[in-house]
Amino acid sequence: MAERGCPLEAVPLPAEVRESLAELELELSEGDITQKGYEKKRGKLLARYVPLAQGVDPSLQAETRIPGPSQATAPVPEQQKTRPSHARDERFRSDVHTEAVQAALAKYKERKMPMPSKRRSVLTHTAVEAYTPPDTSSASEDEDSLQRPGRLASAPLQSHAGVAPWLDQAVQGSPASSAASCTSSHPGGRPAAVPSAAAVPAGPAALARVADLHSAPPDVTTGLAQHQPTYCERPQLASMRGAPRGGSRSVLETAGGVPVSSRVSSKIQQLLNTLKKPKRPPLKEFFVDDLEEVLEVQQPDPGQPKPEGGQTAVLKGELLAVGSTWPPSLLATLQQWGTTQPKAPCLTALDTTGKAVYTLTYGKLWSRSLKLAYTLLNKLTSKNEPLLKPGDRDAGSQQVGFLLGSCGVALALTTDACQKGLPKAQTGEVAAFKGWPPLTWLVIDGKHLTKPPKDWHPSAQDAGAGTAYIEYKTSKEGSTVGVAVSHASLLAQCHALTQACGYSEAETLTNVLDFKRDAGLWHGVLTSVMNRMHVVSIPYALMKANPLSWIQKVCAYKARAALVKSRDMHWSLLAQRGQRDVSLSSLRLLVVADGANPWSISSCDAFLNVFQARGLRPEVICPCASSPEALTVAIRRPPDLGGPPPRRAVLSMSCLSHGVIRLDAEEKLSVLTVQDVGQVMPGANVCVVKVEGTPYLCKTDEVGEICVNSSATATAYYGLLGITKNIFETVPVTAGGTPVSDRPFTRTGLLGFIGPDNLVFVVGKLDGLMVVGVRRHNADDIVATALAVEPMKFVYRGRIAVFSVTVLHDDRIVLVAEQRPDASEEDSFQWMSRVLQAIDSIHQVGVYCLALVPANTLPKAPLGGIHVSETKQRFLEGMLHPCNVLMCPHTCVTNLPKPRQKQPEVGPASMVVGNLVAGKRIAQASGRELSHLEDSDQARKLLFLPDVLRWRASTTPEHLLFLLLSAKGTVTSTTTCIQLHKKAERVAAALMEKARLTTGAHVALVYPPGVDLIAAFYGCLYCGCVPVTVRPPHPQNLATTLPTVKMIVEVSKSACVLTTQAITRLLKSKEALAAVDVRTWPTILDTDDIPKKKVASIFRPPSPDVLAYLDFSVSTTGILAGVKMSHAATSALCRSIKLQCELYPSRQIAICLDPYCGLGFALWCLCSVYSGHQSVLVPPPELETNVSLWLWAVSQYKARVTFCSYSVMEMCARGLGTQTAVLRVRAVRAWREPRTSPSSRKPSRGAPPPAMKGVNLSCVRTCMVVAEERPRIALTQSFSKLFRDLGLPARAVSTTFGCRVNVAICLQGTAGPDPTTVYVDMRALRHDRVRLVERGSPHSLPLTESGKILPGVKVIIAHSETRGPLGDSHLGEVWVSSPHSATGYYTVHGEEGLHADHFSARLSFGDTQTVWARTGFLGFLRRTELTDASGERHDALYVVGSLDETLELRGMRYHPVDIETSVVRAHRSIAECAVFTWTNLLVVVVELDGLEQDALDLVALVTNVVLEEHHLVVGVVVIVDPGVIPINSRGEKQRMHLRDGFLADQLDPIYVAYNM
């Protein structure tokens, strides 16, 4: 057996000892012997052949190799015993490779990696019984049912309270431990203190090689150093719902020295420690202009190996000896044998028990062929015209629907048994399959066929260029094409195979392969008929039940030839116990159909080693190489047919990745041993051409694609002339560009080279080729390495798929494996991390994603293999449903743009001069002047709001100001001017008498949305107190909402709390006691039943700058900020809104906003009193009961102007988007009222609710969304489109913009130009620049104007650091100057000075006298082509985002909403998303709107989309339930609250993935 550079030779064992070892192995795998007994017996058998090793305990010698394919399994009842299907795909089995992996991992210094956290419900995999058919159960499922001795040592640690040792090690960064230590202290572990293989004593090494011949892959990750500690470090357990979240209290510190004590943060800290020490030096970086992020193109390493040999020549095969006795076509051959040798057996079919069902003779075959041909041509239609004409195509049952349609297939042939199993329609006909063309099904059993007349003969088919059959092929991308084979090619292939294999008449061939395609068709159906051979066909189901069946049939029928795959050889090795009478001496030819797989050499060697004692001759084994396009490319011939002796090569895997052949005789980890696949086929010319670009001939030491020029290849891809010319065919050229032939060659898709003696060597397939950077890797090689890492524990039946996906313009390797049902979460993670290490060490390539799926869930190919392209498609679509995922983008994504290096800022003076020189104006704009718009005397007279209310109460006492609606649409309360005035007086009297408050005292108003809140507010103003509106706590969520109420009350220094009776009880309840200290509340005053009293005098402020009210709110960055609003600012705010929206006493507006802060509070409480218009108040909480309430109210009251929040708009779009037709239906109103003036309309409170139908929104002139963020274009546009059917004007929806320093900066209003939309380059925004692009451009981001600037408001764009003014269309901070700006922050400890520049900033250059307020928002001004009311060109303000929320990553500024938009688009199950950073890691939290089992599909998709669109590596992906991401009343995400919850482990995530 060829070893890769192993310096020791195996001790030859007698045949009986080898048989005894094999029997012992099978007993162990089937549970008939314990592990201890197995080791004892094996030690006795081998004792005399292995000398004692120096310094090795004799008791451990039998365990130098880690126990093999199966640990002791549970005994299986005799009647249930089936084939022990081992958890490893033996196409890739190589014990030498296994040793290499073991050595690599023993050397590997493992870095600690945080284990994914998974909720308990996700840990429950789908039962494997749901997927596994009864006849495929195997003993391998119970192979680890007994604990290994090594596991016992670590078992006590599982009972330790906490995981402190592991945490301490993680913090200290100890590199001493390896992933292998979790299964360590294994008595069979190979000592790691041995310096090199050369120093290993001969005994154990020879024993290891002897064991290699008989045992399946060992545990390759337990090579531990002798000095390692005896305890076992265990990763932290996954967090689970309902499980205690205790554990270690070890205090970690962040990079900034901040102590953290949560479980999640400790894991992230480990990840940071991992990333601080990169495994490889970073790739060289390059200069990149700020305006363009250029992905790095990896440059070839100047030291990489390059081909040095001479140019190869075209290799010519021997001449095809066409005998004169051979018939002109295959049909003529069949006719000859059918008439001259009718009794000769042609095919013997077996059932699943191995019994011969029937034997088809050549006579029967000929007569049935005639019947079928006659039926097809004459009897399938009642019309005179035949259904089929010569040249038409029919389909076998394995074809694919799309291909059938493209080939024009109209008829499907099947058997009676198969037809009965097909799904039927109600008519009894076979149901139409999805994607298949309409087919006529014909059963070809004898009774269904018509016997032809004696004088009828089919038309003679000469061996011409016409298509004989079409074979389907699935490409790497999953597309299916048909490969057309002509009659001439068919005949030439049969001739060539006959000559190459030396087939002769009446030989018996045993065929295990699929007889419908590939080698199974060419040998077992076509060539066999040409030579009148007898084929014994072994069905796949029989092989599963009895893997030895093909050897038994070779022995029983004295077969001269057999057709198998490596898998069949391996299965028979495992099942040959007790078959001593089996003899393979009759075989002269054992064709290994997948001999082109580099890993087939191990199966061939192991099979020969065992069966050589039973008559198998070494020269009988003949690997071959084939492809659908070129048919058989090469086959090894026995010496008696003139074949040279077989050869093999030990190749450097590193050089192979560069396409260079280097023999490597030294002992290295990354080498590949390949065997030849024989000589070129007779009559064929073969050459090797470069894989990419012009098909130049390769050099002699260069790997390329094998191309064949022969009459025996396929002719084209059916119906695809372009692909045939460009891909199927090629014309190889010499280095000088001269074509080597005037006939095109056919590409085989095989990668290889021509070796000594003109032998063909294959090292991989083009379909499995993955180009990562400048190196090429073969999927089969990666699979082999993964399988060598403890396959028995985790991989279910060796089912692994490896493919590449393109992310960020480069191939990324993805490995998907089926996980055994009994594998634990922790062990699976350990296995995955070791696989990553092994592949990195041996192939020097990083794995992008490693996923484990439940057993038997990967899509299967027809004969049980994995359908790789379908697996890849599911991965990309998020339909793979893995149970474990490990993403490693940090190690394998090496072509990110260079991080931005911030240049020294240009000074403010230079910036202004530069703009002037460039002809750009300074970005400054203002609303209309207030002095021109309103009588100044009137403005002075109504400076204070209490005066306005008293004036309205006296002049228009019965004018209706407020109208509050309930969820049913009924009016729950109305308030006129005089009613509001009297209620305010009662509140003021109660404050002065009951609460004994003095002027200037702060009062917290804790009310639900309603008129009581408005009355309490004016009551405070009447007595000179300062009101603070506070959202009441939620009764069902006191634990989180009550502390916020308490905090605002304390921070605002409120001396009294005004509220209702119900909320008073809530504040003092037992439930409240659990959340806050209820004894520390200030005086709580219930205003439900206060006496009717008047105040002696209403307080009039001595100055307009006296504080009117405090506006408290929690920002999106989690900061509780209160701003001070003076009486002057309050009046100015109302005046600006009145002018912008044209609000007069005759107007009606509908408001669906929260009344507690910002513009929502001003519209709810202030504006109606100031302007006198009627406000229809719709509390947003009522929409949870009746989502159509707001739109119905707008329609019912014919409101021209309406205000809402994004959350209200989103609720309506989601809840009513499909019901517009229902809402449009006119219904009789349940109550009617006369159409009089709004002030006289007083519906009775007890009126029945109107039907929520007949909604007509054509009355709306402007619908404004109140927000403190960038306008959400997608939501506003979809809202407009959805409710266009209800009459909503297309231009009605607009946005407003305000912030803490000024609650109303922009507001569209009722007049002026429509809002404009521009498209900017998202990449330029990251560099704080604005670049306008066309709609639809790559990386384009739409931004819409935030409304018109209010009267009296000035806006300028300033540089946030230099404070200099910026030019038009330059991105900077929005500064505002306005009479209604707040006067400052209100803080507990009087630290107003810290934020003074927010309210009193001055420019550093230019106009340095004007005082500005800094909004903290980035934006830009742009002069448009539109004109405003004054005839001037309109200046549009575009808000980009909050400065406090931006993420500084890789030197660039990212806005969270842009990343979140990309993530939400990634998969339909993503309901919402939020991102934040923590210690330079990007954390993405995703709400899953689907099954928990589908959660892990999102991890790769989220990582991919952020990499592709934003060039960022996601550090942590957190999958949570819907509703976990906190959102405030304005619909804004509270990302910092989410971050705090994540770090405190309060999110109860479904899954947390740490991208290494």
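Taking 7 Å steps out from each Cα toward its Cβ at Thr1083 and Thr1387 produces label points 3.1 nm apart.
Subtract the Cα-Cα distance of Ala1290 and Leu319 from 0.36 nm times their separation in residues, and report this length gain in nm to one decimal. List each step's numbers first, then the result.
On the way: separation 971, 0.36 × 971 = 349.56 nm, distance 7.90 nm.
Working it through step by step, the gained length comes to 341.7 nm.
Amide H to amide H distances under 5 Å link Ser486 with Ala468, Thr715, where only residues 5 or more positions off or on other chains count and H is placed in the peptide plane. Computed on the Cα atoms alone, the convex hull of region 1432-1498 gives a volume of 130 cubic angstrom per residue. For region 308-353 and region 1000-1041, what is the separation of their Cα centres, given in Å? With region 308-353 and region 1000-1041 each reduced to a Cα centre, they are spaced 95 Å. On full extension, the segment bounded by Ala556 and Thr1218 gains 231.2 nm, given 0.36 nm per residue less the C-alpha separation. Potential lengthening of the chain between Leu720 and Leu1491 amounts to 273.4 nm, from the contour at 0.36 nm per residue minus the alpha-carbon distance.
Rounded to the nearest Hz, the phi-derived 3J(HN,Hα) couplings of region 1029-1036 under the Karplus curve 6.51 cos²θ - 1.76 cosθ + 1.60 (θ = phi - 60°) are 7, 10, 5, x, x, 7, x, 8, where x marks glycine and proline. Taking 19 Å as the limit for the C-alpha separation, the pairs Lys355/Lys516; Lys420/Lys473; Lys994/Lys1092; Lys476/Lys544; Lys371/Lys424 exceed it in the case of Lys355/Lys516; Lys420/Lys473; Lys476/Lys544; Lys371/Lys424. Computing FRET efficiency as 1/(1 + (r/R0)^6) for Arg648 and Gln612, where r is the C-beta to C-beta distance and R0 is 22 Å, gives about 0.80.
Placing dummy labels 7 Å off each Cα toward the beta-carbon, the span from Ser1340 to Gln341 is 7.3 nm. Rolling a 1.4 Å probe over the protein heavy atoms gives region 682-796 an accessible area of 33 Å² per residue. When each of the peptides 402-415, 1432-1445 is scored by the mean number of other C-beta atoms lying within 10 Å of its residues, the order from highest to lowest reads 1432-1445, 402-415. Placing dummy labels 7 Å off each Cα toward the beta-carbon, the span from Asn895 to Thr955 is 7.3 nm.
Using R0 = 30 Å, the C-beta based FRET efficiency linking Arg996 and Ala1039 works out to 0.35.
Are there GluC sites (Glu not before Pro) in region 1295-1398 that DSSP marks as loop and that have at most 13 other Cβ atoms within 10 Å, and which are they? Walk me through the numbers before you get to the answer.
Values: sites: Glu1334, Glu1345, Glu1361, Glu1373, Glu1391, Glu1392; in loops: Glu1334, Glu1345, Glu1361, Glu1391.
Sparse-neighbourhood loop GluC sites (Glu not before Pro): Glu1334, Glu1361, Glu1391.
With viscosity set to 1.567 mPa s and temperature to 4 °C, compute the Stokes-Einstein D of region 1283-1350, Rh being the Kirkwood radius across alpha carbon pairs; µm²/s, no decimals.
On the way: Rh = 14.0 Å.
The calculation lands on 92 µm²/s.
The values are calculated or read from the model by the stated rules, or taken from the named source; none is laboratory data. As the structure is a computational prediction, the values presented were derived from the model and not from experiment. Glycine gets a Cβ as well: all are built from the backbone with ideal geometry, and neighbour counts include every protein chain shown. Keep in mind that these areas ignore ligands, DNA and RNA; they rest on the heavy atoms of the full protein, side chains included. Shrake-Rupley method; radii C 1.70, N 1.55, O 1.52, S 1.80 Å.
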